[in-house]
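Worksheet: one structure, shown below.
Please treat every number below as a calculation from the coordinates, not as lab data. Predicted model only: the values in this text are computed from it and were never measured. Here the Cβ is made from the backbone with ideal geometry for all residues, glycine too, and neighbour counts use every protein chain on show.
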Amino acid sequence: MPQFISEQEVAKITGRAVPTLRKDRHFQRGIPYFKFGRQVRYRIEDIEKFMAGCRVESNS
């Protein structure tokens, strides 16, 4: 069963501000999310996938 976390927890993990996460949702970009009524929740595996996509490798 997938684990879901709040936008505040996502902000702590990713370093992205809560308003940035909200703006990303408004413009339909960023980390995939779920809505349960008025609650917004993120799957941990989606956060990990998003962060892996932001990885930059150096050539040194």
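Hey, could you grab the Kirkwood Rh for segment 7-57? Inverse mean 1/r over distinct alpha carbon pairs, Å, one decimal.
11.3
Note down the nm distance, to one decimal, between modelled labels 7 Å out along Cα→Cβ at residue 26 and at residue 55.
Between residue 26 and residue 55, the label points sit 3.3 nm apart.
Where does the chain land at 222 nm, in deg cm²/dmol rounded to the nearest 500, when only DSSP H runs of n ≥ 4 count, each adding -39500 (n - 2.57), divided by all residues?
-12500 deg cm²/dmol
Near residue 35, which aspartates and glutamates are there with a Cα under 12 Å away, not counting those fewer than 8 places off in the same chain?
Filter leaves 7.
Could you list the trypsin sites (Lys or Arg not before Pro) in the chain that lie in coil according to DSSP, counting only those with at most 14 other Cβ atoms within 10 Å of their Cβ?
Qualifying residues, ordered by number: 29, 38, 55.
Projected onto the charge dipole of the chain (+1 at Lys/Arg Cβ, -1 at Asp/Glu Cβ, origin at the Cα centre), which of 13, 34, 58 gives the Cα projection farthest towards the positive end?
Result: 34, furthest along the dipole toward the positive end.
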